[in-house]
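Visitor: Input: one structure, supplied below.
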Amino acid sequence: MGLRINDVVPNFTAETDQGTITFHDWIGDSWAILFSHPKDFTPVCTTEFGAVAQLSEEWAKRNTKVIGVSVDGVEDHKKWKGDIESYAKTPAGFPIIADEGLAVSKAFDMLPAEAYLPDGRTPADSATVRSVFIIGPDKQLKLSMTYPMSVGRNFAEILRALDGLQMATGNGVATPANWVPGEDVIIPPTVSNEDAKAKFGEFETIFPYLRKTKAPE
């Protein structure tokens, strides 16, 4: 059974280029994004990790920690960081997990249980290890997505999705298609008009099941 939304994500202890971490302790009271890649020193992933580095201030504003994972070792991660920082023209301050035994990749259902790394492997041998997991402070999985090797991940969309999740959490609202911060949000159908008025004030009724209101501050 794969990891599903609202499941508590696996806890694990692993080596990173910044030392040993225990995942749930590392998350602490923050949000977290775990993003994987098939191999160090690969072209698409270098651009992606550079994009993550360039968004460091945005992650911090959202109380969110980011961490990479691949099946390469710590020393490779440290060397690859130089390329990432050169490409992005900014420090890559986030850690990268060294998942050489595939324990993390399998725990997060990114590779099948019987997967192994052959001698002389190529990125294709771990191609399915290319996913994004957004995790709440409660250690529950809030969102996941997986990309093929040929399509670079859109971290602006991941940031937008994080904003939507954080808006929904604790506010009792949902976000419409293409929502960005500052736009109206949706009142869930389970909330009566009377309760919606008391909680949100004025709102727009488009259909009985589709009502919009200003986003809570």
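Visitor: If you take the residues in segment 29-45 that are farther than 15 Å from residue 131 by Cβ and either in contact with a Leu (Cβ under 8 Å, 6 or more places away or on another chain) or at pLDDT below 95 (or both), which one is least open to solvent (accessible area, probe 1.4 Å)?
Guide: 40
Visitor: From the list 105, 30, which residue is closer than 19 Å to residue 162 by Cα and of a type in the set (Ser, Thr, Tyr)?
Guide: Checking each option against the conditions leaves just 30.
Visitor: If you check every pair at least six apart or on different chains, which have Cβ atoms under 7 Å apart with a residue in segment 3-28 that is buried (at least 16 other Cβ atoms within 10 Å of the Cβ) first and a residue that is acidic (Asp, Glu) and modelled with pLDDT under 95 second?
Guide: Within 7 Å, the pairs are 3/109; 14/99.
Visitor: Output yes when any residue across segment 83-98 is in contact (Cβ under 8 Å) with a residue 60 or more places away in the chain and either small (Gly, Ala, Ser) or surrounded by fewer than 20 Cβ atoms within 10 Å (Cβ to Cβ) (or both), and no when none is. Steps first, answer last, please.
Guide: Taking segment 83-98 first, the residues in contact (Cβ under 8 Å) with a residue 60 or more places away in the chain are 95-98.
Going one step further and asking which of them are either small (Gly, Ala, Ser) or surrounded by fewer than 20 Cβ atoms within 10 Å (Cβ to Cβ) (or both), we end up with 98.
There is at least one residue in segment 83-98 that is in contact (Cβ under 8 Å) with a residue 60 or more places away in the chain and either small (Gly, Ala, Ser) or surrounded by fewer than 20 Cβ atoms within 10 Å (Cβ to Cβ) (or both).
Visitor: Another question, if that's okay. Could you count how many residues in segment 52-79 are of a type in the set (Gly, Ala, Ser), within 21 Å of residue 145 (Cα to Cα) and open to solvent by less than 30 Å² (accessible area, probe 1.4 Å)?
Guide: Within segment 52-79, the subset of a type in the set (Gly, Ala, Ser) is 53, 56, 60, 68, 70, 73.
Add one more test, that the residue is within 21 Å of residue 145 (Cα to Cα), and what stays is 53, 56, 68, 70.
When the remaining residues are screened for being open to solvent by less than 30 Å² (accessible area, probe 1.4 Å), the result is 53, 68, 70.
Selection size over segment 52-79: 3.
Visitor: Go through (1) modelled with pLDDT of 95 or more; (2) over 15 Å from residue 96 (Cβ atoms) one by one and return the number of the condition residue 65 breaks.
Guide: The failed condition is (2).
The values are calculated or read from the model by the stated rules, or taken from the named source; none is laboratory data. Computed from a prediction, not measured in an experiment: that's the story for all the values here. Note: ideal-geometry Cβ built from the backbone for every residue, glycine included; neighbour counts use all protein chains shown. These area figures cover heavy atoms from the full protein model, side chains too; ligands, DNA and RNA do not enter into them. Shrake-Rupley method; radii C 1.70, N 1.55, O 1.52, S 1.80 Å.
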